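Enquirer: I am attaching a structure below and will ask some questions about it afterwards.
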Amino acid sequence: MKKIVLFASGNGSNAENIMAYFDTSNAVSVVGVFSNNSEAKVIERAKKFKVSTFIFNKLALSDDTVLNQLKQLQPDLIVLAGFLLKFPMHIINEFPNKVINIHPALLPNYGGKGMYGMHIHNAVLENNEPETGITIHYVNEKYDEGKIIFQKSVSIIDCKSADEIAEKIHDLEFECFPKVIFDLLSE
Ligand code: GAR
């Protein structure tokens, strides 16, 4: 059984989609949901799937607290699904090529500090982009610059608001992210 740990900061609809996708799998198991926000909706979502949760603050992320927790779980993949803090290098170094992130745009466009969630979709709308998309990539020391694993675009010429763009992006994320995770774990 391959083990994954999810990191999420807020809503956690991607995290829930991944937990649902692997809920009955005998190849992949979600062994933990880690969040920096005790109020995050993702906590409730994890409880629904009986996945254990771990809440931490910035200090615990930068010292060895989160790292030690991860070492106990020994995940095959660490998946950032709407995780908004910078992921620390000392954890990446312990889990080389095992930390991935999903970004709701076609990197390298609309990436970097401050470019997350609705900020991205608002910028995409303002620039009248005919399409946007998703990027799944390895996490390195720079925001959104790790090696790209997967990208998929979607036309947004019919979208009149950033919310409509966000909905299209979520649909694309739900469709693709679990499959990409499964493929990576099957390599
Ligand atoms: C997702 O669209 C994800 O791609 C994005 O946050 C959203 C979280 O939604 N991540 C980033 O912007 C990271 N830079 P969710 O909590 O409902 O899964």
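Enquirer: Please count how many residues of the range 1-49 are near the ligand (Cβ under 10 Å from one of its atoms) and in contact with a Pro (Cβ under 6 Å, 6 or more places away or on another chain).
Expert: 1
Enquirer: Whether any residue in the range 169-187 is more than 17 Å from the chain's Cα centre (by Cα), small (G, A, S), surrounded by fewer than 16 Cβ atoms within 10 Å (Cβ to Cβ) and under 22 Å from M19 (Cβ atoms) is what I want to check.
Expert: yes
Enquirer: In the range 59-89, which residues are part of a loop (DSSP other than H, G, I, E, B) and either at pLDDT below 95 or more than 18 Å from N37 (Cβ to Cβ) (or both)? Let's see the steps before the verdict.
Expert: We begin by selecting, within the range 59-89, every residue part of a loop (DSSP other than H, G, I, E, B); these are 63-64, 74-76, 81-88.
Selection gives D63, D64, Q74, P75, D76, L84, L85, K86.
Enquirer: Additional query: Filter the range 122-143 down to residues that are more than 9 Å from the ligand (Cβ to nearest atom) and under 16 Å from A162 (Cα atoms), then give me how many there are.
Expert: 12
Enquirer: Answer yes or no as to whether I149 is more than 10 Å from the ligand (Cβ to nearest atom), crowded, with 20+ Cβ neighbours inside 10 Å and free of Cβ contacts under 8 Å to residues at least 60 places away in the same chain.
Expert: no
Enquirer: Hey, can you tell me all the residues within the range 19-55 that are surrounded by fewer than 18 Cβ atoms within 10 Å (Cβ to Cβ), in contact with a helix residue (DSSP H, G or I) (Cβ under 7 Å, 6 or more places away or on another chain) and assigned to a loop (DSSP other than H, G, I, E, B)?
Expert: Result: F49, single match.
Enquirer: Now for a different question. Please work out which one of (1) surrounded by fewer than 18 Cβ atoms within 10 Å (Cβ to Cβ); (2) more than 13 Å from the ligand (Cβ to nearest atom); (3) of a type outside the set (K, R); (4) farther than 14 Å from L80 by Cβ is the condition H119 fails and give its number.
Expert: That leaves (2) as the condition not met.
Enquirer: A further question on this structure: Looking only at the range 76-112, count how many residues are near the ligand (Cβ under 10 Å from one of its atoms), farther than 19 Å from L59 by Cα and not aliphatic (A, V, I, L, M).
Expert: Count: 7.
The values are calculated or read from the model by the stated rules, or taken from the named source; none is laboratory data. Quantities reported herein were computed from a predicted structural model and do not represent experimental measurements. Every residue, glycine among them, receives a Cβ derived from its backbone with ideal geometry; neighbour counts consider all protein chains shown.
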